[in-house]
1. In the structure displayed, which of Lys29/Lys94; Lys113/Lys197; Lys94/Lys195; Lys142/Lys168 lie more than 24 Å apart, Cα to Cα?
2. Roughly to the nearest percent, how much of the accessible area of region 24-110 is carbon and sulfur, given a 1.4 Å probe?
3. Efficiency by 1/(1 + (r/R0)^6): what FRET value for Tyr48 and Thr179, r their Cβ-Cβ distance, R0 = 22 Å, to the nearest 0.05?
4. Using a probe radius of 1.4 Å on heavy atoms only, what accessible surface per residue do you get for region 132-222? Whole Å² is fine.
5. For the chain, what does -39500 (n - 2.57) per DSSP helix run (n ≥ 4), summed and divided by total residues, give at 222 nm, in deg cm²/dmol to the nearest 500?
6. Distance between the C-alpha centers of region 1-78 and region 94-158? Whole Å please.
7. How do 69-76, 41-48, 9-16 rank on mean C-beta neighbours within 10 Å, highest first?
8. Quick one: work out Rg over Rh on the C-alpha atoms of region 41-178, Rh as Kirkwood radius.
Amino acid sequence: MLLLPDGYFMQDNFLTAEELEIINNALAKLDISDDAVGIRDILQQCPYLLQFANSKRILNYVQPYFESPASLVRAILFNKTAESNWLVPWHQDKTVAVSKRFDNPLWNCWSIKGGVNHVQPPVDILNRMITLRIHLDDTTEKNGCLKVIPNSHKLGILKQSDINNFVKNNSYQLCEGVTGSALVMRPHLVHSSSKAKEPIQRRILHIEFSDFTLPSGITWAS
């Protein structure tokens, strides 16, 4: 099984030119506003992306990071533009999307986002997840690329005050990547994204995978 000792890995040339062209053509057919920040139902809006995220090619790529067969959890399209030049403070991704609510005291902080149930699972579950962030445009410090603090996922789930203190005492790394590259990361790696200094389109296809088997009757809300 492949490990992510630092909590992240940058993969160059992840997309082929043909895949990038097909994805761009599929997205061009959608009515996506320039000020849209995160499109949580992108797989429902774009059938090709659902097919792509569930394809043998993608599942075979992420499978070496897991001990058991991996499944698609969810996908979000992030779109940073001049009209929507946003920032994300230092945080961890701590929630997952599931088909319906269930009773388990270790799964808490239930919420509804985009009409979908979200819940915070135990850290053991987050350690069985991988996030694949595919760069559909060049992603640099100037246009607000992701910043990560290596090894921070090893600290478990942190309170926001602990995250703030941790950031003050640790250095971060910029995750810059050219179009077609991808960032593989643990969801609870401490990360952030600044506003773009030179706001141009910066699209990220964010896809999550896990090999955890949910309770009977519950599915990932991909």
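The values are calculated or read from the model by the stated rules, or taken from the named source; none is laboratory data. Computed from a predicted structure; not experimentally measured. Because the Cβ atoms are built from the backbone with ideal geometry, glycine has one as well, and the counts that use them run over all protein chains shown. Note: areas computed on protein heavy atoms with side chains; ligands, DNA, RNA excluded. Shrake-Rupley method; radii C 1.70, N 1.55, O 1.52, S 1.80 Å.
1. Lys29/Lys94; Lys113/Lys197, as the Cα separations exceed 24 Å there.
2. Answer for region 24-110 is 51 percent, counting heavy atoms of protein chains only.
3. Here the calculated transfer efficiency is 0.75.
4. About 42 Å² of surface per residue is accessible.
5. -5000 deg cm²/dmol, from helical runs alone.
6. 15
7. Result, highest mean Cβ count within 10 Å first: 69-76, 41-48, 9-16.
8. Reported Rg/Rh, Kirkwood definition of Rh: 0.95.
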